[in-house]
């Protein structure tokens, strides 16, 4: 399976600027930069929509998503520990006279 390409924020901004300032078709500029034409359209749309806040991070999942995943794993582990302790308490309660 091919690894996904990741582009820096600066590269994305510069690619869109180059495309817009050159007056050439997106397909030609994309081919020169070694990427797909739809990347340029997507990046342009993000820049127009979010301005300076476009392209946060370095790609991949957002930090909040990573934290949410970590918390869900921790929650599952804690529930499992709780269930084990409940079963142990029931076992020892049966044995006591």
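The values are calculated or read from the model by the stated rules, or taken from the named source; none is laboratory data. In this text the structure is predicted, and so the values were computed from the model without any measurement. Neighbour counts run over all protein chains shown; Cβ positions are idealised from the backbone, glycine included.
Quick look at the numbers
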item: Meets criteria (surrounded by 12 or more Cβ atoms within 10 Å (Cβ to Cβ), without any contact (Cβ under 8 Å) to a residue 24 or more places away in the chain and not in a loop (DSSP other than H, G, I, E, B)) for residue 40; result: no
item: Condition check for residue 78: modelled with pLDDT of 90 or more and touching a helix residue (DSSP H, G or I) at 6+ places or on another chain (Cβ under 6 Å); result: no
item: Selection count where residues are in contact with a helix residue (DSSP H, G or I) (Cβ under 6 Å, 6 or more places away or on another chain) and in a loop (DSSP other than H, G, I, E, B), scope the range 43-59; result: 2
item: The range 5-37, residues that are assigned to a loop (DSSP other than H, G, I, E, B) and free of Cβ contacts under 8 Å to residues at least 12 places away in the same chain; result: 23, 24, 25, 34, 36
